[in-house]
Amino acid sequence: SVHPHKRLATVLYHIVYANALWGLIRSDKLRRARPAGSIEADLVLVVDLCLQGLLVQVPEVLYGLRRYERNATEINRTERALMTWYNPADANKKIVLPHWDRVFIEYFECIRHAPLSSRERLLCTATLLRVGYWRRFMRWTAPLRYRLGLTRTYRPPGQVGQSQQDGEPSSAAH
């Protein structure tokens with residue numbers, strides 16, 4: 001879409017892994033992106049790039065994702081361990097907000113940093129809130145929806161590599 005808030009909604013609804021980073025990225029857009037933080041930096045970069053312009057997906061498989069047993073999220077099972085793995089200087093940093101709230105702060109910073117009109121910045125902020133809280137609602141209600149037969153699959157938190165909840169990415173991505 002030519003509208004940044006619609007591109008943002010698409011990315012937030014559909015991104016599980018940040019595979020887009022293994023594609024071609026215009027160097028001027030990459031230079032304009034914010035410096036990567038230490039929390040979900042790959043996903044934050046994809047959000048940053050989608051706010052700068054169109055993302056185009058080639059309709060053929062050019063890359064195969066391999067997940068290793070000893071990847072960062074598997075060997076660092078706590079928030080503190082993962083923060084320290086990304087940036088050892090953060091080892092003693094106080095964690096005030098839950099993980100995804102901190103990721104959303106990074107997304108808000110992308111919106112603030114992007115070259116957007118005031119109207120589009122407001123629409124992007126509203127989109128982030130709408131999509132973010134919808135996904136949280138879907139995650140929170142998944143066990144009930146599964147028991148009521150409203151969803152085909154449900155994976156309790158902490159069970160990586162099994163079935164996905166409807167509308168929710170696998171936790172193996174993070």
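The values are calculated or read from the model by the stated rules, or taken from the named source; none is laboratory data. This one's a predicted model, so the numbers in the text were calculated from it and none came from an experiment. Don't worry about glycine lacking a Cβ; one is built from the backbone with ideal geometry, like all the others, and counts go over all protein chains shown. Heavy atoms of the whole protein, side chains included, go into the accessibility calculation; ligands, DNA and RNA do not. Shrake-Rupley method; radii C 1.70, N 1.55, O 1.52, S 1.80 Å.
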Heavy-atom accessible area per residue of the chain, all protein chains kept, 1.4 Å probe, expressed in Å², is 65
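Using a simple charge model, +1 on the beta-carbon of Lys and Arg, -1 on the beta-carbon of Asp and Glu, nothing else, what dipole does the range 70-140 show about its Cα centre, in debye to the nearest 20? Display every interim value, and only then the final one.
Numbers: 13 positive and 7 negative charges, 40 e Å.
Rounded to the nearest 20 debye, it is 200 debye.
Any idea what the dipole of the chain comes to, in debye rounded to 20, about its Cα centre with Lys/Arg Cβ at +1 and Asp/Glu Cβ at -1? Walk me through the intermediate numbers first.
On the way: 26 positive and 15 negative charges, 66 e Å.
Using only the charged Cβ atoms, the result is roughly 320 debye.
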How about Lys6: which lysines have a C-alpha closer than 28 Å to its C-alpha, ignoring those fewer than 8 places off in the same chain? Lys29
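Express the carbon and sulfur contribution to the solvent-accessible surface of the range 1-57 as a percent, rounded to the nearest whole number, probe 1.4 angstrom. Kindly include the intermediate steps, with their values, before the conclusion.
Details: 1950 of 3330 Å².
Solvent-exposed carbon and sulfur of the range 1-57 make up 59 percent of the total.
Check each of the trypsin sites (Lys or Arg not before Pro) in the range 87-129 and keep only those in coil by DSSP with at most 14 other C-beta atoms within 10 angstrom; list them in order.
On the way: sites: Lys93, Lys94, Arg102, Arg112, Arg119, Arg121; in loops: Lys93, Lys94.
Sites meeting the loop and neighbour criteria: Lys93, Lys94.
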Taking all pairs of distinct Cα atoms, average 1/r, flip it, and tell me the Kirkwood hydrodynamic radius of the chain in Å to one decimal place. 17.6
Rounded, prolate or oblate: which fits the range 4-106 when a ≥ b ≥ c are the square roots of the eigenvalues of the alpha-carbon gyration tensor, with rounded for a/c under 1.5 and prolate only if a/b beats b/c? prolate
At a probe size of 1.4 Å, how large is the accessible area of Glu74, to the nearest 10 Å²? 60
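Mind listing which chymotrypsin sites (Phe, Trp or Tyr not before Pro) in the range 39-143 are in a DSSP loop and have 15 or fewer other Cβ atoms within 10 Å? Walk me through the intermediate numbers first.
Values: sites: Tyr63, Tyr68, Trp85, Tyr86, Trp100, Phe104, Tyr107, Phe108, Tyr133, Trp134, Phe137, Trp140; in loops: Tyr63, Tyr68.
Passing sites in the range 39-143 are Tyr63, Tyr68.
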